[in-house]
1. Any chance you could list P(r) for the range 1-122, counting all Cα-Cα pairs in 10 angstrom bins from zero, rounded to whole %?
2. Just rank 155, 265, fewest to most, by other beta-carbon atoms within 10 angstrom.
3. Cα centroid distance between the range 248-303 and the range 42-68, in Å?
4. Would you work out the relative contact order for the range 23-155, in percent, from Cα pairs under 8 angstrom that are 6 or more residues apart?
5. Could you line up 89, 39, 272 from fewest to most neighbouring Cβ atoms inside 10 Å?
6. Report the relative contact order of the range 159-275, percent, no decimals, based on alpha-carbon pairs under 8 angstrom and at least 6 residues apart.
7. Please determine, in degrees from 0 to 90 and to the nearest 10, the orientation of helix 217-232 with respect to the longest principal axis defined by the Cα atoms of the chain, where the helix direction is its Cα long axis.
8. For the chain, with a Gaussian network of springs between Cα atoms less than 10 Å apart, report the residue from 18, 75, 101 with the top mean-square fluctuation.
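We did not get these values from a lab; they are worked out from the coordinates using the rules stated. All values derive from a computational prediction rather than experimental measurement. Cβ coordinates were reconstructed from backbone atoms using ideal geometry, including for glycine residues, and neighbour counts include every protein chain displayed.
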C-alpha cells in the first residue's frame, strides 16, 4: 500500500507534472489531468495508470479523473511555389524529416489535393487513416512522422474532379485531424495561387511560408507571385529555397547548372526575404524519394543540405 504523500510524488513523475494534487474525501480520490496534446490512446493509458496507482492508497475506493485540454493551436508552415515541377513536395518531405530529427514535434499534410505525392515520398502508400469522433487519425510516415494525404483516402490513380468548395473542405479535414502531440504542421501546398492557397491563408493562417523555386527566370517569376499572395494575406516569409541548383556528373564530377545559377538568392535579396539555401540536382535524391526513403533521414551531403535549411527554419520558428 502507498500513502497519499508518496502517491502524489509518484503522480507528478508519472504524468510529467500534468496532474493536480490528489484529494481524497469519503474514499473518493479526485484528480485534474491536463491531456492537451496527447493522443486518445495516450490519454486512456495515462488515466488507467493513475487509477491503478490511486487505488493502492489506504482508504481509497474510487478514483475520479477530470481531463482538461487547453490545447495550443497548431503552427502551420506552408511550403509553396508559384509553379509545378520545382521539387516543392520533395523539399516538404525532407524538411519535415529534418525538423523531426532536430527535435520538433512535426506532422506533414499533403495539401495538393489533385496531385498528392507525399504518400510515395514518405513510404506510406499502403496505409489508410481511420476516423474517431469525426476526425481523421494520421498515418505514419518515415521516422514515425504522422501525416495525411488524399493519396491515403482515394484509390491509386483515381482523378478527383472536385470544385473549389469541395477542395477547401478536404484541406480542412486534413488539417483539423487528431494530431496528438504534434505542434508544427508542414503543409505541402499545390503549385499556384488558387482555391487551396486562399483557403489556407484565410482560414488556417500559417505561421510562415517557405517558397521553393529553381534558379531559372520563369520559375522565379512565378515564385514572386506566390510571395505576393502570402504577403497580401499577412503571412510572414520564412525564406526562399533554391532547388535543383547545380548538377554533379556521376562519371566525372563536373558541376553544371542546367537551370542557371544563383537566381533564387538574387530574387530573395530583391524581395528583402531570407535565402535559406540550395538543394542540388542529384539522381540520388530522385531515387531515394521515389523509394519512400527521404535523403534527410540519413547521412551524407544531401542530408546535410536539407538539415542546414531546417536549422534556419527552426531558428525562425523559435
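1. Reading upward from the zero bin: 11, 31, 19, 16, 14, 8, 2.
2. Taking fewest neighbouring Cβ atoms as first place, the list is 155, 265.
3. Value for the Cα centre distance between the two parts: 53 Å.
4. Reported relative contact order: 19 percent.
5. Ranking 89, 39, 272 by Cβ neighbours within 10 Å, fewest first, gives 272, 39, 89.
6. It rounds to 22 percent for the range 159-275.
7. 40 degrees
8. 18
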